[in-house]
Amino acid sequence: MDRPRRVPLIVSPTPMHQLGRAGDDLGIDLWIKRDDLTGFALGGNKGRKLEYLIAAALDSGADCVVTCGAIQSNFVRQLGAACACYGLECHAVVMRLPYDQAAGKPSGGTELANSGNELLDQLLGVHLQVVPDDDWEVLYKAMELHATELQQAGHRPYVIPVGGSSPLGALAFYEAAKEIDQEFDWIVTASSSGSTQTGLTYAFAGTRTRVLGVCSDPEPEIVHDFVDLGSSLAPLIGRDRLEASSFAMDFDHVGPGYGVPSEEGNAAISYLARREGIFLDPVYSGKAFAALMDLTSSGVLAGRVLFWHTGGIPALFAM
Ligand SMILES: *Cc1c(COP(=O)(O)O)cnc(C)c1O
């Protein structure tokens, strides 16, 4: 089957190198994949997905895109930049702190107004529509309503799910796995809307490499969304669909909740900065690296371990 088209946005392959000092501390052969250095709009994992998503938006004849997320969304920032490159208007319906209904609203958010990704969105001309905090379902509905309103006003919107996690987003990470030219026992990555983990999990299924997603959301049910996403990816790559048991997920390092920094995560951010001169972010990669340290000391992770850095650094300036 013909692979979907993509437009160029990032510089790939992204660098991959050993973390000698941190690896010595932890007693493992530790490597890092630098998707914080995609070379596009201050880096991050969303640039890969956008190469496919923007091509699909253009092919659909859209004149604007609509998405949703948290106000410090790294996806909205990278989408805004991609839209700027291809002459699309970018609309994002956002909440300061969307939350999981069952887990309740996290407290302790310290987000500063007009900072980090929000500031960059303004520079990029993203149309941010801020709606009151509520759960994710309410946010998705608000996005659909906004798309309908744009359509009624004569626009041709292309709707992109939160985090760019459509089957094309997962395809981007299935393809990204081809940049890994060595064998690892584990690949550890932050995981949220799921296309990063889903693409990598499909790519390494049937090999000795296990992909561990460290979740940023306190919601174990999310694995069913990943399974569904994988079911739509499978026909694009000619593979059988994977069951929930194929996804290795950690929910023990969310801390106070989605979008709220954790003590452990902040300690991991300082640790990696001081040991390797590399910055992590407070919402995703800091918590994922904290999990890596924790699971290494408890013996769950061992051998050759690749930390897939997903970026997110602008949020450091907002929290
Ligand atoms: C979006 C994001 C993730 C999660 O990736 P998904 O594909 O949405 O699961 C992880 N880290 C950072 C920095 C992100 O911006």
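Taken together, the values in this text are just the output of simple stated rules run on the coordinates, not laboratory data. This structure is a prediction, so every number in the text was calculated from the model and none was measured. Positions of Cβ are generated from backbone atoms using ideal geometry, with glycine treated the same way; all protein chains shown enter the neighbour counts.
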*Would you work out the charge dipole size for region 232-319 about its Cα centre, treating the Cβ of every Lys and Arg as +1 and the Cβ of every Asp and Glu as -1, and quote it to the nearest 20 debye?*
260 debye
*Which stretch or stretches of region 53-87 have amide N atoms under 14 Å from the point lying 7 Å from Ala153's Cα along the Cα→Cβ direction?*
63-67
*asked:* Charges at C-beta only: +1 for Lys and Arg, -1 for Asp and Glu. How large is the resulting dipole of region 172-319 about its Cα centre, in Debye rounded to 20?
replied: 380 debye
*asked:* If neighbour count is taken as other Cβ atoms inside 10 Å, put Thr296, Thr201 in order from fewest to most.
replied: Thr296, Thr201
*Based solely on its DSSP helices, what 222 nm [θ] is calculated for the chain when runs of n ≥ 4 H residues each add -39,500 (n - 2.57) and the sum is averaged over all residues, nearest 500 deg cm²/dmol?*
-12000 deg cm²/dmol
_Can you give me the angle between helix 263-276 and the longest principal axis of the chain, using Cα atoms only, in degrees from 0 to 90, rounded to the nearest 10?_
70 degrees
*Angle, helix 74-86 long axis vs. longest principal axis of the chain, Cα atoms, 0 to 90°, nearest 10?*
50 degrees
*Place a label point 7 angstrom from the Cα of Leu58 along the Cα-to-Cβ direction, then list the residues of region 136-162 whose backbone nitrogen is under 16 Å away.*
158
*Give the relative contact order (percent, whole number) for the chain; include only Cα pairs under 8 Å separated by 6+ residues.*
23 percent
_Among Val305, Met249, Gly286 the positive-end extreme of the charge dipole of the chain (Cβ point charges)_ = Val305
*Förster-model FRET efficiency, 45 Å R0, Arg96 and Ala234, C-beta, rounded to 0.05*: 0.80
*Percentage of Cα-Cα pair distances in region 237-288 greater than 15 Å, rounded to whole percent?*
55 percent
*Cα gyration tensor category, rounded, prolate or oblate, for region 19-153 with a/c compared to 1.5*: oblate
*With all pairs of different alpha carbon atoms counted, what Kirkwood hydrodynamic radius in Å does region 21-71 show?*
14.1 Å
_Can you compute the FRET efficiency between Thr207 and Ala103 using 1/(1 + (r/R0)^6), with r the Cβ-Cβ distance and R0 = 41 Å? Round to the nearest 0.05._
0.75
*Give the residue from Phe173, Ala153, Leu139 lying farthest towards the positive end of the charge dipole for region 134-185; charges sit on Cβ (+1 for Lys and Arg, -1 for Asp and Glu) and the dipole is referred to the Cα centre.*
Ala153
*Provide Ser193, Ser166, Ser107 in ascending order of the number of other Cβ atoms located within 10 Å of each residue's Cβ, fewest first.*
Ser107, Ser166, Ser193
*D for region 137-241, whole µm²/s, Stokes-Einstein with Kirkwood Rh over alpha-carbon pairs at 10 °C and 1.306 mPa s: what number?*
105 µm²/s
_Taking 24 Å as the cut-off for C-alpha to C-alpha distance, list the pairs among Lys141/Lys287; Lys178/Lys287; Lys46/Lys287; Lys46/Lys105; Lys49/Lys287 that go past it._
Lys141/Lys287; Lys178/Lys287; Lys46/Lys105
*asked:* Quick check of the Kirkwood formula: for the chain, what is the inverse mean of 1/r over all pairs of different Cα atoms, in Å?
replied: 19.5 Å
*Please report, in debye to the nearest 20, how large the charge dipole of the chain is about its Cα centre when each Lys and Arg carries +1 at its beta carbon and each Asp and Glu carries -1 there.*
780 debye
*Cα-based helix-to-principal-axis angle, 167-176 vs the chain, degrees rounded to 10*: 40 degrees
_DSSP-defined beta bridges in the chain - what % are antiparallel, rounded to 5_ = 10 percent
*asked:* With loop defined by DSSP as not H, G, I, E or B, and exposure as at most 13 other Cβ atoms within 10 Å, which is the longest segment of the chain clear of exposed GluC sites (Glu not before Pro)?
replied: 1-182
*If R0 is 45 Å, what FRET efficiency do you get for Ser245 and His127 from their C-beta distance, rounded to 0.05?*
0.60
_So if each residue of separation counts as 0.36 nm, and I subtract the Cα-Cα distance between Ala273 and Phe317, what length gain in nm does that give?_
14.3 nm
_Return the unpartnered cysteines for the chain, using a Cβ-Cβ cut-off of under 4.7 Å._
Cys64, Cys68, Cys85, Cys215
